[in-house]
Structures are given as C-alpha cells and as structure tokens.
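Taking it in order: structure first as structure tokens, then the write-up.
Readers should treat all values here as calculations from the given coordinates under stated rules, not as data from a laboratory. On a predicted model such as this, the values are computed, not experimentally measured, just so you know. Positions of Cβ are generated from backbone atoms using ideal geometry, with glycine treated the same way; all protein chains shown enter the neighbour counts.
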Amino acid sequence: LKAIKPMVEKGLASANDQSPASTDANTALDEGANSNLVERLSHHVNGLQQVLTDLTKNAKALTRRYSQILEQINVSEDQSSS
C-alpha cells in the first residue's frame with residue numbers, strides 16, 4: 001500500500017487540477033471516468049482490506065497454536081527432568 005500511495009495521490013491531485021477552460025462534454029466524460037476509477041479503486045482497496053484481515057486472523061490463530069505446542073513441549077520437558 002505504501003508503494004502505490006504516491007501514485008494514487010498523484011492521480012487524485014491531477015484530477016483536482018483540471019482547468020476550468022475544458023468543455024462540459026470533456027468534463028462530464030472525465031467525471032464519469034474518474035467516478036469509474038474511484039469505484040474500481042474502492043473495490044480493490046476493500047478486497048485488499050479483506051485479504052489482510054483474513055491473513056491477520058490466520059496469523060493470530062497460527063501464533064496461538066504454536067504457543068500451545070511450545071507450552072506442551074515445555075511441560076513435557078519439565079516433567080521428564082523431574
């Protein structure tokens with residue numbers, strides 16, 4: 001996300017810098033294209049957020065399981081050394 005942030009910001013900045021001399025037809029087309037791009041970007045960002053959320057949940061579950069296994073190993077070692 002950090003890698004694409006400058007590109008996204010540059011794209012948004014150039015969209016905001018449109019000259020008032022452009023025709024109404026061009027403005028309408030640009031707004032339609034920008035709207036489509038915003039919708040697509042929003043869709044992809046939402047998808048990325050969902051993927052990252054799922055990966056985070058899986059990583060937390062894996063970490064919990066790994067901790068349980070290590071705890072069992074430590075308990076077994078403590079019992080065998082007693």
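Put a dot 7 Å past the Cα of Gln68, heading toward its Cβ, do the same for Leu37, and the two dots end up 4.9 nm apart. A straight Cα-to-Cα reach below 29 Å connects Lys60 with the lysines Lys2, Lys5, residues fewer than 8 places away in its own chain not being considered.
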